Amino acid sequence: MRRIALLTGFLALLGTASARAEGIDVRDAGLRAVDDSLVLEADFDFELTPRLAEVVANGVPLYFNVEFELTRGRWYWFDERAASRVLQMRLSYHALSRHYRIAAGTQPERYMLQQNFPTLDEALRVLKHVRNWVVVERRSALSRSDYDAALRMRLDTTQLPKPFQLSALTSRELHLESPWKRFVLRPPQQRPAPVESREPKKEAGQ
């Protein structure tokens with residue numbers, strides 16, 4: 001009986017490890033002001049499943065979407081959506097040059113950044129970090145109240161070839177995504193206006 005219990009626990013641990021391997025963990029995310037805009041910086045942690053690594057090595061590109069939303073709750077109406085942005089990152093392998101390539105941009109097929117890597121690990125190391133992504137262009141347009149920010153990363157299976165899309169319906173090995181990570185954006189504190197100190201004028205002869 002004890003052996004059965006140990007075996008059951010071991011299988012449960014294997015199942016948990018497998019589930020974690022198919023997910024993306026949002027390790028850190030934050031916004032910072034640059035001039036009148038807000039830029040996002042985030043760190044993700046994940047590994048490709050063996051099936052996904054095989055797919056990209058065979059020349060099928062993988063499309064990852066980083067999705068960001070900024071909303072403000074309103075008790076009298078629907079929540080205000082201040083920003084909704086999608087950053088697309090494409091991971092591909094080129095057999096002729098034997099290099100992995102990452103292309104990133106906010107519009108499909110119009111990538112602002114393209115970079116080659118000799119190994120998959122090096123390409124993934126860059127894919128896991130988002131830096132200087134402008135998500136709010138006019139910070140001054142935001143009201144002076146708290147906003148709810150939400151961020152996630154996911155593999156866009158709709159960009160896979162049709163046979164892989166059908167396989168993705170039943171196979172978890174072709175799925176990779178994170179839950180939404182939520183945090184609060186608070187307005188900057190206004191500094192109090194400086195108070196002028198005026199000393200009384202001294203009368204003549206004093």
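Quick notes
- By the equivalent-ellipsoid construction on the alpha carbon gyration tensor, the range 80-190 comes out with semi-axes of 32, 19, 13 Å, ordered largest to smallest.
- Kirkwood hydrodynamic radius over Cα pairs of the range 25-159, then Stokes diffusion coefficient at 10 °C and 1.306 mPa s, in µm²/s: 97
- Rg/Rg_ref, the range 63-138, where Rg_ref = 2.2 N^0.38 Å and atoms are Cα: 1.44
- Most to least packed among 68-79, 43-54 [average Cβ atoms within 10 Å]: 43-54, 68-79
- Residue 96 versus residue 164: modelled label distance in nm, points set 7 Å from Cα along the beta carbon direction: 2.1
- Trypsin sites (Lys or Arg not before Pro) lying in DSSP loop within the range 84-127, provided at most 15 other Cβ fall within 10 Å: 98
- Along its principal axes, the range 47-106 has C-alpha extents of 58, 22, 14 angstrom, given from the largest down.
Taken together, the values in this text are just the output of simple stated rules run on the coordinates, not laboratory data. Note that the structure is a prediction, hence the values are computed from the model and not measured. Don't worry about glycine lacking a Cβ; one is built from the backbone with ideal geometry, like all the others, and counts go over all protein chains shown.
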